[in-house]
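Heads up: the structure comes next, in structure tokens.
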Protein chains: 2
Amino acid sequence: MNISEAAKLSGLPAKTIRYYESIDLISPPRRAANGYRCYEADDIASLCFLRQARQFGFNIDQCRLLLDLYKNPQRRSAEVHQLVSDKLEEVDAHIRELADTRELLAKLVGACANDDDADCAIIDRLASPQEQSQEREGSQQ
Amino acid sequence: MNISEAAKLSGLPAKTIRYYESIDLISPPRRAANGYRCYEADDIASLCFLRQARQFGFNIDQCRLLLDLYKNPQRRSAEVHQLVSDKLEEVDAHIRELADTRELLAKLVGACANDDDADCAIIDRLASPQEQSQEREGSQQ
DNA sequence: CTAAGCCTTACAGCAACAGGAAGGTCAAGG
DNA sequence: CCTTGACCTTCCTGTTGCTGTAAGGCTTAG
């Protein structure tokens, strides 16, 4: 099956499939006599798996690990569980961070007169020489 | 004042200050005879403003607009309000998206046996040929 | 013969910087 | 005077996960 067919079935753009091959996320498929890539059912399964994993927010390296586990019948579910738990925490941290930002933004929006005047609490706040808040907990990226 | 001093006072890395100059976010400062950049108090104020805006999650283009408003005494606070309201919505949308992902991940974690067995609900779920969910609402980036 | 619709490779670009190389400058110490 | 170290300069590369574009080959229909 050609790449466009694989793209249709997997839900990934052909470009992305080639990209995944270029970074060794998937193994290069067989080539037809004319040089075209030929995909098998197994390949499609991997691509679908990757699409789903990406939708769940896993990055490429995490997908690499997941895919290894997926393909490995000797896996222990605990390993998978660990990976996904880590991801969950990661997402939680991200949400907390965004929620903080959200609250700050809401305060700004509430404080601004929202009229034709030049006076603006938002500008004042952003211009105020706020301390360079050293983040209070470990610096995770 | 040299760039390292400006960096210290503004809380931005010198690299970032040069970068902001290179993308015309800030105007190039005066140069000393030896070619070193010389920053004035006004420049520092702008840099602090930018640092704060970035911390609030505004991207560079949004910072550009904010900075214009900041420097323009003829601004109307309503314009600022609009910008920040938009950003708030943007952040809200992002949070909702992440919250969805979070719930899905939590379900996965809950469903996995988390033991030495190869059988794994997470793997099964990711491998299942889930429909390629066409996003139900406008595709904003 | 030509046009379309596939396919191939390779390179550029996005955001927002960070890291490092290669070299000039400046102040202090011996 | 020379060296050392801490600045400064520019330029290039790498990051993440692709997407867009160019330039060309294959295949099939009209």
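Run through the other copies and list how far each one's label point is from that of A:Asn2, in nm with one decimal, shortest first; the point sits 7 Å from Cα along Cα-Cβ.
Copy-to-copy label distances at A:Asn2, shortest first: 6.3 nm.
Exposed loop sites here are GluC sites (Glu not before Pro) in DSSP loop states with at most 14 other C-beta atoms within 10 Å. What is the longest stretch of chain A lacking them?
Here the longest run is A:41-130.
State, to one decimal in nm, how far the label point of A:Ile23 lies from the label point of B:Ser85, with both points 7 Å from Cα in the Cβ direction.
Between A:Ile23 and B:Ser85, the label points sit 3.9 nm apart.
Where does the charge balance sit around B:Ala78 when Lys and Arg score +1, Asp and Glu -1, over other residues with C-beta under 13 Å from its C-beta?
-4
Rolling a 1.4 angstrom probe over the protein heavy atoms, how many square angstrom per residue are accessible across chain B?
That works out to 59 Å² per residue.
Place the label 7 angstrom along Cα→C-beta at A:Arg96 and in each other copy, then list the distances from the first to the rest in nm, shortest first.
The answer, with the shortest distance listed first, is 2.5 nm.
Interface B/A, total buried accessible area with a 1.4 Å probe, nearest 100 Å²?
Summing both chains' loss of accessible area gives about 5000 Å².
Sort B:Leu105, A:Leu98 by heavy-atom solvent-accessible area, probe 1.4 angstrom, most to least.
The residues order as A:Leu98, B:Leu105, largest area first.
Please report the relative contact order for region B:3-71, taking Cα pairs under 8 Å with a sequence separation of at least 6, and give it as a percent rounded to a whole number.
30 percent
Is it possible to state the helix-based mean residue ellipticity at 222 nm for chain B, with each DSSP H run of 4+ residues giving -39500 (n - 2.57), the sum divided by total residues, to the nearest 500 deg cm²/dmol? What is it?
Rounded to the nearest 500, it is -20000 deg cm²/dmol.
Sorted by accessible area with a 1.4 angstrom probe, largest first, how do A:Arg102, B:Arg51 fall?
Sorted descending by solvent-accessible area, the residues read A:Arg102, B:Arg51.
When only C-alpha pairs under 8 Å and at least 6 residues apart count, what is the relative contact order of chain B, in percent?
Reported relative contact order: 14 percent.
Could you give the nm distance between label points at A:Asp68 and A:Ala99, where each point is 7 Å from its Cα heading toward the beta carbon?
3.3 nm
Sum up the charges of everything whose Cβ sits under 13 Å from the Cβ of A:Asn2, counting Lys and Arg as +1 and Asp and Glu as -1, but leave A:Asn2 out.
Spelling it out: positives minus negatives among the neighbours equals +2.
Which aspartates and glutamates have a Cα less than 15 Å from the Cα of B:Lys107, not counting those fewer than 8 places away in the same chain?
Correct list for B:Lys107: A:Asp86, A:Glu89, A:Asp92, B:Asp124.
Round to a whole number: what % of the accessible area of region A:3-71 belongs to carbon and sulfur, probe 1.4 Å?
For region A:3-71, the apolar C and S fraction of the accessible surface comes to 52 percent.
May I ask for the net charge around B:Asp43, where only other residues with Cβ less than 15 Å from the Cβ of B:Asp43 are counted and Lys, Arg are +1 while Asp, Glu are -1?
+2
Rank these by accessible area, largest first, 1.4 Å probe: B:Leu47, B:Leu9.
B:Leu9, B:Leu47
On the full set of protein chains, 1.4 Å probe, figure out the accessible area of B:Lys107 and give it in Å² to the nearest 10.
Surface open to solvent at B:Lys107 totals about 150 Å².
In nm, one decimal, shortest first: how far is the label point of B:Asp116 (7 Å from Cα along Cα to beta carbon) from the matching points in the other copies?
Copy-to-copy label distances at B:Asp116, shortest first: 7.8 nm.
Span-like helices, chain A: DSSP H, alpha-carbon axial extent 24 Å or more, mean Kyte-Doolittle 0.0 or greater, which ones?
The answer is none, since no helix passes both cut-offs.
Under a GNM of chain A (C-alpha, springs under 10 Å), which listed residue has the highest mean-square fluctuation: A:Asp119, A:Asp100, A:Asp42?
Answer for the Gaussian network model of chain A: A:Asp119.
The values are calculated or read from the model by the stated rules, or taken from the named source; none is laboratory data. This is a predicted model, so every value here is computed, not measured. Cβ: placed from backbone, ideal geometry, glycine included. Neighbour counts: every protein chain shown. For the accessible areas, the whole protein counts, side chains as well, though only heavy atoms, and no ligand, DNA or RNA atoms are used. Shrake-Rupley method; radii C 1.70, N 1.55, O 1.52, S 1.80 Å.
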